[in-house]
Structures are given as C-alpha cells and as structure tokens.
Amino acid sequence: MTSTSGDKPSTNQPEASEVERWASLIGGGAMVLMGLRQGSLRGALTALAGGGLVYQGATKQSTIQKAQEAIGINQPIKVEKTVTINKSAEELYRFWHNFENLPTFMKHLKSVKVYNEKRSHWIANAPLGNSVEWDADILEDRENEFISWASVEGADVDNSGFVRFKKAPGDRGTEVKVVLEYNPPGGALAATVAKLFGEEPEQQIGDELRRFKMLMEAGEIATTEGQPSGRS
C-alpha cells in the first residue's frame, strides 16, 4: 500500500516549538549571567531581558519573537510635552539652539559639546550611577520655529525628536513642544527600570520644561534643595 505524504509536518511542529523553548531558556540564562558580570546599566538591562526570555521559555511561548515583545525589547519609547513660556519664540529658540545651554535646566544631561552647525556630542546620566553618550545631527532647522535631530550610528541610546516654538493663543507668549523618541538598551524595559530610580521619562521631560520656563521667565531656577523646612 502507498503511504500518505501529509504526515511529516505534524510531527515536526512540536519539535520546532520545543527547540525555540529551549533556545529561550538557554539564551536567556546566558544573558542573565553576562549582564550580572558587566556590573553596569547595560548589564543590568541585559540581565533583566534575559530573565524575561527565561520566563517565556519556561511558560512555553511558541516563538522567541513573542518573548522579546513581551519584555519590551526593540520597542521605542515616545514622550511628548508642551509648556507655555512668557517669552518670544526668537529668544527661546536662540537659547535652545545653543545646545551647550541645555544642561543648565536638563538635570539628566552632564554635558553637550557642539562640534559644528550640524553635529554635537551628548553625555547623560543613567541609573545606577552610569552615563551614556551619543553624537546627534540636526535634521531640520527653521529659525525661531523648529529644530529636529537624531542620534548617529553607534549611540549608546538611539534617539530622535524635535522642539517646536509656536506663538501661544491670546498673546500669552510661546508654546514650546518637545517630542522625544528613543530606544535604550532593553527597549521599554529600560523605562521600567528607570522608574525604580525616579527617572520616569515622561515626568523627567515635564520637569525639565518647567525648569526651562522658570529660567527664561525669571532668569533663575527656583529650588528648595538645601533650604530648611518649616517656619522660624
């Protein structure tokens, strides 16, 4: 008698799922060990990402891709914030366009070095006492209106975004809108880790825009750090 030809695929499918499950377990375990040995932010994120892969493998998820999506790998983070400042667009644009001014109100930035009219080098604080660095290029620059940028290849944190200066309704100054998208090591997982250290991205950008408003309107940033509490 002749045999049918449709029997083999059904026997191979469980084997494929089992191979992917073990790949998640072994690969995730390796990531955990490697990350713990590094003793850095990237290492911590690698370890956490590896733990996620181990979990997905243990719960028999069918593909490694699903495991990566579940723990947020390769998922960019987008933040959008707007503040109204009682200053002209020209003045705000001029101050912001000199990127070396930004660390004065952006606490997460250690320094910005402008190389030329297009490229600059950025160093930022990161959780666990680490820092990250990248070069960025200006993509579009409309005087007194708009600046967009993107990190170049090899950045510790891939990022892009723009700042827009627009006259506020009722002649109340200028609306400053910042949109930032970035993909730190570990993707969205990195944002979860950052929250544990008080560095939630959306709150961080909001706080920095409020400090920018104080600096431009009052000439200084009000702070209660180092001041005694209570009344004398």
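Within the stretch 103-115, restricting attention to residues that are surrounded by 13 or more Cβ atoms within 10 Å (Cβ to Cβ) and more than 17 Å from Ala126 (Cβ to Cβ), the residue that is nearest to the chain's Cα centre (by Cα) is Phe105. Glu100 passes every criterion in (1) touching a residue at least 60 places away in the same chain (Cβ under 8 Å); (2) surrounded by fewer than 16 Cβ atoms within 10 Å (Cβ to Cβ); (3) assigned to a helix (DSSP H, G or I) apart from (1). Name the residues in the stretch 116-148 that are of a type in the set (A, V, I, L, M, F, W, C) and open to solvent by 80 Å² or more (accessible area, probe 1.4 Å), would you? Within the stretch 116-148, Leu128, Leu139 qualify.
Out of the residues in the stretch 138-180 that are assigned to a strand (DSSP E or B), among the polar types (S, T, N, Q) and modelled with pLDDT of 95 or more, which is farthest from Phe212 (Cα to Cα)? Here the residue is Ser148. Going by what's in this entry, would Gly187 be described as closer than 30 Å to Gly129 by Cβ, at pLDDT below 85 and surrounded by 12 or more Cβ atoms within 10 Å (Cβ to Cβ)? It is true that Gly187 is closer than 30 Å to Gly129 by Cβ, at pLDDT below 85 and surrounded by 12 or more Cβ atoms within 10 Å (Cβ to Cβ).
The values are calculated or read from the model by the stated rules, or taken from the named source; none is laboratory data. Please read all numbers here as calculations on a predicted model, not as lab measurements. We place every Cβ from the backbone using ideal geometry, glycine too, and count neighbours over all the protein chains shown. Side chains are part of the model used for accessible areas, which takes the heavy atoms of the whole protein and leaves out ligands, DNA and RNA. Shrake-Rupley method; radii C 1.70, N 1.55, O 1.52, S 1.80 Å.
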